[in-house]
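As structure tokens, the structure follows; a few thoughts come after it.
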Amino acid sequence: MTAQMQAQWTAVCRYDDLIPERGVAALVDGEAVAVFRTHDGALYALSNMDPFSNASVLSRGIVGDRGGRSTVASPIYKQVFELATGMCLDEPTVSVRTYPVRLVNGIVEVCSS
């Protein structure tokens, strides 16, 4: 019999504290995660580490839209990442990890497993 992994959800902040189109950084199970609330109210979480500069800065990036897809542009070299998938739209062979995110009783939670 194999043991099943339990999902580990971490409370990050209150939903109302997230400013639309701005990111926040949070530590989730030892990993720096960027959490975003878009103008339509959707939540996204992805690694805060910019793979091009190796700096933990994506939460400070510019949130936008490219071809109907919600994105964040790194504040360092400006590569654009799709929030839903973590794929770099400027260099499709590069991506950042995405995390499940949910809203529970007004609290934004991110899952690390």
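Overview of values
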read-out	value
Index of the failed condition, Ala42 passing every other in (1) surrounded by 12 or more Cβ atoms within 10 Å (Cβ to Cβ); (2) closer than 16 Å to Arg97 by Cα	(2)
Test: Met87 is within 19 Å of Ser113 (Cβ to Cβ), surrounded by 15 or more Cβ atoms within 10 Å (Cβ to Cβ) and not basic (Lys, Arg)	no
Per-region count, region 38-60, residues over 15 Å from Glu21 (Cα atoms) and of a type outside the set (A, V, I, L, M)	8
Of all residues in region 55-67 being in contact with a strand residue (DSSP E or B) (Cβ under 7 Å, 6 or more places away or on another chain) and in a loop (DSSP other than H, G, I, E, B), the one that is farthest from Cys88 (Cα to Cα)	Val57
Test: residue in region 82-101 that is farther than 22 Å from Asp29 by Cα, of a type in the set (Asp, Glu) and not in a strand (DSSP E or B)	yes
First in region 65-76 and farther than 23 Å from Ala55 by Cα, second anywhere and acidic (Asp, Glu), Cβ under 8 Å, 6 or more apart	Arg66/Glu82; Arg69/Glu82
Which listed residue, of Val12, Val72, Val33, Val28, is under 16 Å from Arg102 (Cβ atoms), in contact with a helix residue (DSSP H, G or I) (Cβ under 9 Å, 6 or more places away or on another chain), among the β-branched types (Val, Ile, Thr) and at pLDDT 95 or above	Val33
Every residue from region 45-56 that is surrounded by fewer than 20 Cβ atoms within 10 Å (Cβ to Cβ) and over 11 Å from the mean Cα position of the chain (by Cα)	Pro51, Phe52, Ser53, Asn54, Ala55, Ser56
Flag for Ser59 being under 13 Å from the mean Cα position of the chain (by Cα), among the small types (Gly, Ala, Ser), modelled with pLDDT of 95 or more and within 19 Å of Pro100 (Cα to Cα)	yes
Close pairs (9 angstrom Cβ cut-off, 6 or more residues apart or separate chains): on the phi > 0 side of the Ramachandran plot in region 12-39, in a strand (DSSP E or B) and not hydrophobic (A, V, I, L, M, F, W, C) anywhere	Glu21/Arg37; Glu21/Gly64; Asp29/Thr10
Scan of region 43-54 for residues that are assigned to a loop (DSSP other than H, G, I, E, B) and either basic (Lys, Arg) or touching a residue at least 40 places away in the same chain (Cβ under 8 Å) (or both), ordered by number	Pro51, Phe52
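The values are calculated or read from the model by the stated rules, or taken from the named source; none is laboratory data. What you see is a predicted model, and the numbers here were worked out from it, not measured in a lab. Cβ coordinates were reconstructed from backbone atoms using ideal geometry, including for glycine residues, and neighbour counts include every protein chain displayed.
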